[in-house]
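Asker: Below are the structure tokens for one structure; questions will follow.
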Ligand code: AMP
């Protein structure tokens with residue numbers, strides 16, 4: 001099965017993706033992680049990406065679509081994917097649809113982790129101390145949240161009509177959210 005986790009920054013998408021991946025033996029596809037890897041490995045695009053991420057801007061569609069294409073087209077990972085942080089715009093959602101169509105795949109489950117703005121701010125401030133991410137400061141958090149509301153949230157219209165769309169209250173405890181998700185995926 002392919003699973004997509006959708007939600008604002010700080011909703012816990014990465015945490016839940018890791019849980020699903022471990023339970024069901026799938027692959028996590030986090031564009032954030034893929035981009036941070038480019039920075040870490042000091043690739044030719046790494047320096048530009050570092051700047052983009054720390055300002056809270058989006059990497060270009062060209063870059064993220066290319067990273068996603070490699071994973072979706074990988075025969076070993078086919079139908080075993082958990083998307084986390086992609087798509088973040090309508091054009092990315094259309095691109096994902098196209099890539100899945102051309103590889104005879106589809107999204108089987110979509111989870112929308114819904115979390116309020118004040119909870120997000122508190123969580124990211126905590127994560128800043130634990131993970132030392134360059135984009136986890138208040139100015140960048142607010143910018144990322146606004147971009148989510150403007151550019152990413154409209155993607156929900158694209159997915160919410162899907163019969164396998166599930167809205168989950170992402171404001172609760174990690175374990176409770178995980179067990180809700182696992183229950184749905186185990187049916
Ligand atoms: P994340 O780890 O998902 O919170 O992503 C961290 C940062 O990576 C984002 O704030 C963006 O700067 C960049 N990024 C991640 N995914 C995407 C995407 N699908 N499109 C554009 N930029 C992205």
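Values quoted throughout were computed directly from the atomic coordinates according to the rules given, and no laboratory measurement underlies them. Model, not experiment: these values are computed from the prediction.
Asker: Per residue of the chain, what 222 nm ellipticity follows from adding -39500 (n - 2.57) for every DSSP H run with n ≥ 4, rounded to the nearest 500?
Answerer: When only DSSP H runs of four or more count, the value is -16000 deg cm²/dmol.
Asker: Where the eigenvalues come from the Cα gyration tensor of the stretch 3-181, what are the semi-axes √(5λ) of the equivalent ellipsoid, largest first, in whole Å?
Answerer: On the way: eigenvalues 104, 88, 50 Å².
Ellipsoid half-lengths, sorted descending, are 23, 21, 16 Å.
Asker: Measuring from centroid to centroid over Cα atoms, what is the spacing of the stretch 131-187 and the stretch 1-51 in Å?
Answerer: Going from one Cα centre to the other spans 13 Å.
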